[in-house]
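Data first, discussion second: the structure below is written as C-alpha cells.
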Ligand code: SF4
C-alpha cells in the first residue's frame, strides 16, 4: 500500500500502490495521456481516482500542466538544540536548579510531565510555575487518577497555566475522553496503569500524525529522539526514559556538557528509511519511532518491537502475540505489562 | 563598542520578529531588539540607538499600542480621536528620527520609501519594469464607472491607501474588503463621490504571494477559487475550508522584473501579491514591504525566518569589514 499525505490539512489517505502509480503518472502527463497509457478498460477507475483527488481538495484540473507548482522542499531545521523534553516527575527532585534554567533557555517547545504515582495538584502547580517566562509552547501532563481530579479543578488549572494543552489521567476507573477550557484541551482518562516507562514505545495507527514538522524531520532524523531530552525518575539525563544510557545527573551536569557528548546524539540520525521493515513501510513518515524496545535488541537499525504492522502484506497483528518477538519481550522485562 | 544588528519591532503580536530572534539566538548572531514600547523608557535622545553602534537595521514594526492611555479632561468621541491621531504623529516623529540618524544603506529596506509607499506609484513602477498590472484608474463619477463597465470590464474598488477596521458602538468589528462593481449593483453608486481607486477585475485561477528576500523570490500559490466565500479576496478567511497553499516557482523572467522593481524601491525584503488569470497570465497587484512572511514560510517550508537572520548577519559582517 501507499500513503498520500496532506500535510496542510493534517490528513493522510491509505491508497493501493496502483492508485499511487496513476497519480505519479499524472504529475507529468495530461488526463487523456493517462487514459491512453492505462487503456480504455481502466478509464472508469482512473476517473474515480481523479474524482477522489478533486473531492478531497488535493488537486484541481486545468487545461495545462503547471510545472511552476514545484515539489515541497523537505529540509528540516529548528532554532533549538532541544525541542522536546520528558520529565518523569519525582517530588524529591528540585526542578528549579541551573540545569533546568539552562535547558528551557534553549527554547524548548514541548514538555511532557509524567507522574506515575499520585501527586497533589499543589505540587504540580509548583512545577508548572518553573516554566512561566520560558518560551515553552506546549505541556502535556500525565497524572495518576485521584478522585480529587475533577474536570472543574483541571479546568481551573489549565486556565491558570495555559501552556498545559493536554492531559492524560491513567489508572482511572474508566476509559473516558473529555475536554476542558471551552473544548480546547483534551483530558483523556484511561483505565490502564502507567507506572513506568516500560509502557512507552507502542506504535498504533491512531498515533500517526501527518504534518509538516514530523514529515520533514523524519526525512533526516529520528523523530522520536532527535533533539529530545528526558530526565528520569531519579534525576538522570537521558535521550528517553526507556534507554539504558544516562548522561549525568541534573544536580551536577550542565546542558552544554550533555549537548557536547557525542553519545547523546547517537540515535538522532537513525532515519526511518534505514530501519529494517520501516524502510519499506508506507507509514514511515507519519509514524514516530522507538529505539528503546527493538525486535532485535542487538541491532540499533531493527524495527520497533511494539509495532504490529507488516508493511509487506499490509496487515496489523497484536505484536505481543508474535512468537518471534517473545525473546525480546522477555529480555526487556515487558512480560508483566503486556498481560 | 562593537557594532550590532538592530531590530526595530514591537513587544506584542509580533510572532515573526520573535521567530527571527530565536533563529538569531540559535545561530549566535548578536542583535539588539528595540520595541516601540521601549521609547517610553528612554530618558533622552542619547538613549536612542546611534549610528556608530549599528551595523544593519531590520525595521519591522513601530509599536502595537502605547503603554499608557492618555485622554483629555473634557473628552468626547471626536476629541479623543484627534488626540489619538496627534499622539501617533508625535510618536512617529520621534521614531522616524532614526531614519535620518542611522545611515540609509544599513537599512534592509529604505525606511523612508517603506513608510511612504504609494500603491499607485508602485503600480506604475511595475509597469515600467515590464510587469503586467490590472487596468487601474481613480474616478470620481458614476459616469466614469459606467464608461469603464461599457468597455466590458468588471471592476473592483479598493483603497488607494490601506484597508481599515471599523468598530460600531456595540463593539461589532468590520473590515474593509475589496468589492466588485458591475451592472447589477451599479445603481448603488452615487453620481459623484470621493476619488476612488477602481481596478479591472481579474478572474483568477489562483493567487500568488511572493516573499522577496535579497534577490530571491519565495512564492506560494493560494487556491481559493472553489470557495465561494473567499472569491474576491483570500483574506476573507474561511476557517472550515482553509485555502490550499503550496510552493510555487515564478517564471525566471518575471522574477527578474520583480527583482528590478524591488531594487528600484531600495527594498531587500517584502511581500508581493500577484494573481494568475484563467489563461495563466500574471498580474502584479501590490507590495507590502512589511508583509507577514510566516504565512508563506511555514506551508512552503521555506525557513524564511532563518534566511532573514542569515541575511542580517551577512549585512552586518559586511558593514564591519568596510570599517576595519
Ligand atoms: S513498520 Fe515501522 S514505520 Fe511502519 S508502522 Fe511499524 S514502526 Fe511505523
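Numbers for the structure displayed
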| read-out | value |
| --- | --- |
| Cα gyration tensor shape for region B:1-136, rounded if a/c is under 1.5, else prolate or oblate | oblate |
| On Cα atoms only, tilt of B:304-322 relative to the major axis of chain B in degrees | 50 degrees |
| With Cα atoms, 0 to 90° folded angle of helix B:252-264 axis to chain B main axis | 60 degrees |
| Beta bridges by DSSP in the protein assembly as shown, antiparallel share as percent, to the nearest 5 | 65 percent |
| Residue mean of other protein chain beta carbons inside 10 Å, A:105-116 | 1 |
| Three-way shape call for chain B based on the alpha-carbon gyration tensor, with the a/c threshold at 1.5 | oblate |
| DSSP beta bridges in chain A [antiparallel fraction, %, rounded to 5] | 40 percent |
| B:28, B:266 arranged by Cβ crowding within 10 Å, fewest neighbours leading | B:28, B:266 |
| Pairwise label distance in nanometres, residue B:161 with residue A:42, each label 7 Å out on the Cα-Cβ vector | 6.1 nm |
| Ascending count of other beta-carbon atoms within 10 Å, so fewest first, for B:3, A:262, A:156 | A:262, A:156, B:3 |
| Residues A:150, B:170, A:202 arranged by fewest to most Cβ contacts within 10 Å | B:170, A:150, A:202 |
| Packing-based order for B:156-165, A:81-90, A:286-295, using average beta carbon neighbours within 10 Å, highest first | A:286-295, A:81-90, B:156-165 |
| Hypothetical label at residue A:338: residues of region A:312-326 whose amide nitrogen lies under 15 Å (7 Å Cα-Cβ projection) | A:317-326 |
| Region A:121-178 versus region B:122-170: alpha-carbon centroid distance in Å | 53 Å |
| Semi-axes of the equivalent ellipsoid for the protein assembly as shown, Cα gyration tensor, largest first, Å | 48, 36, 26 |
| Shape of region A:2-68, Cα gyration tensor, a/c cut at 1.5 | oblate |
| Segment residue A:70-residue A:35, length gained on full extension (0.36 nm per residue, minus Cα span) | 10.2 nm |
| At R0 = 56 Å, FRET efficiency that the Cβ-Cβ distance of residue A:251 and residue B:141 yields, to 0.05 | 0.10 |
| Number of partner chain Cβ atoms within 10 Å, mean per residue of A:72-79 | 5 |
| Helix B:15-26 axis, angle to chain B major axis (alpha carbon atoms, nearest 10°) | 40 degrees |
| Sequence-separation-based contact order of chain B, relative, with Cα cut under 8 Å and 6+ spacing, percent | 20 percent |
| Whole-number D in µm² s⁻¹ for region B:164-211, Kirkwood Cα-pair radius fed into Stokes-Einstein, 10 °C, 1.306 mPa s | 110 µm²/s |
| FRET E, pair residue B:214, residue B:264, Förster distance 22 Å, beta-carbon r, rounded to 0.05 | 0.90 |
| Kirkwood-Stokes translational diffusion coefficient of region B:135-200, alpha-carbon pairs, 10 °C, 1.306 mPa s, µm²/s | 123 µm²/s |
| Relative contact order of chain A, defined on C-alpha pairs under 8 angstrom at six or more residues apart (%) | 15 percent |
| Between region B:45-84 and region A:289-339, the alpha-carbon center distance in angstrom | 62 Å |
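Just so you know, all these numbers are worked out from the coordinates, no wet-lab data involved. Everything quoted here is computed from the prediction, not taken from an experiment. Positions of Cβ are backbone-derived with ideal geometry, glycine not excepted, and every protein chain shown enters the neighbour counts.
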